[in-house]
Amino acid sequence: MGNKLTKADLWGPELWGHSMVALWRTIKDGKGISMTAYEFDDLPATIEKVPCALSIITQPVGIEYSQGGMNSALWKGQTEFHLTGNLDKSGLSYLNQFYRLIMTAATSHLYLDGDAEFSILSTNSLDPAVLQWGGDESSQHYGIICNWQVFENLGNKISLEL
């Protein structure tokens, strides 16, 4: 029997990922349709429902540790907001509301339930894009890529052995 991990043992997306997904689920479009957001460890093979959000880590994790200082991690990633079902240009007007909705959700959840500090990157914050999830090019559609970072104080979750 292995040791069961507790919240105190976890860090990274295992700890704060669910809180990020929950903040994206607070988004509702102008018709009252809620955002479907997928967990970091449960991404779908294809997009079957829009609007939806998929979050991934996109850059190497910056980890700092020392014997007497703070142990921390800086995570950078993106959330792809898949917002239309195709590339019909009439769907582009639907995207406009999501710049406001994404920023409102992000700025109201800066601390991911107290586990880490979340922020939208200041450059290339919200990037309109033609998106595709999976291998089928016919499934291309419009969306927004939100680039973010998460700063996490690892405290004593990393132990240094001398």
Ordering 149-155, 78-84 by per-residue average of other C-beta atoms within 10 angstrom, highest first, gives 78-84, 149-155
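Give, in whole angstrom and from largest to smallest, the semi-axes √(5λ) of the equivalent ellipsoid of the chain, with λ running over the eigenvalues of the Cα gyration tensor.
Numbers: eigenvalues 213, 53, 41 Å².
Values for the chain, descending: 33, 16, 14 Å.
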Potential lengthening between Gln97 and Ser72 on full extension [0.36 nm per residue; Cα-Cα distance subtracted]
5.5 nm
Comparing Pro44, Pro13, Pro128, which has the greatest mean-square fluctuation in the GNM of the chain with Cα pairs linked when under 10 Å apart?
Pro44
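How many percent of DSSP beta bridges within the chain run antiparallel, rounded to 5?
On the way: 31 of 34 bridges.
In the chain, approximately 90 percent of DSSP beta bridges are antiparallel ones.
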Taking square-rooted eigenvalues a ≥ b ≥ c of the alpha carbon gyration tensor, is the range 12-73 rounded, prolate or oblate, where a/c under 1.5 means rounded and, failing that, a/b exceeding b/c means prolate?
prolate
³J(HN,Hα) across the range 89-98 via Karplus (A = 6.51, B = -1.76, C = 1.60, θ = phi - 60°), whole Hz, x for Gly/Pro?
4, 5, x, 4, 5, 5, 5, 3, 5, 6
When the Karplus curve 6.51 cos²θ - 1.76 cosθ + 1.60 is applied with θ = phi - 60°, which whole-Hz ³J(HN,Hα) does each residue of the range 11-26 get, with x for Gly and Pro?
7, x, x, 4, 8, 9, x, 4, 5, 5, 4, 4, 5, 5, 5, 6
Simple label model, 7 Å out from Cα along Cβ direction - Gln140 to Lys28, nm
3.4
Expected max-MSF residue from Leu92, Leu23, Leu112 in the GNM of the chain (alpha carbon, under 10 Å) is Leu92
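Filter the trypsin sites (Lys or Arg not before Pro) in the range 1-99 to those in DSSP coil with at most 12 other Cβ atoms within 10 Å of their Cβ, and list the result. Before the final figure, lay out the partial values.
Values: sites: Lys4, Lys7, Arg25, Lys28, Lys31, Lys49, Lys76, Lys89; in loops: Lys4, Lys7, Lys31, Lys49.
Loop-located and lightly packed - Lys4, Lys7, Lys31, Lys49.
For the pair Ser90 and Tyr65, what calculated FRET efficiency results from E = 1/(1 + (r/R0)^6), where r is the Cβ-Cβ distance and R0 = 35 Å, to the nearest 0.05?
Values: r = 52 Å, r/R0 = 1.47.
About 0.10, to the nearest 0.05.
Rule-based calculations on the coordinates, nothing more; no lab input. No experiment lies behind these values; they were computed from the predicted model shown. FYI the Cβ positions are ideal-geometry reconstructions off the backbone, even for glycines, and counts take in every protein chain you see.
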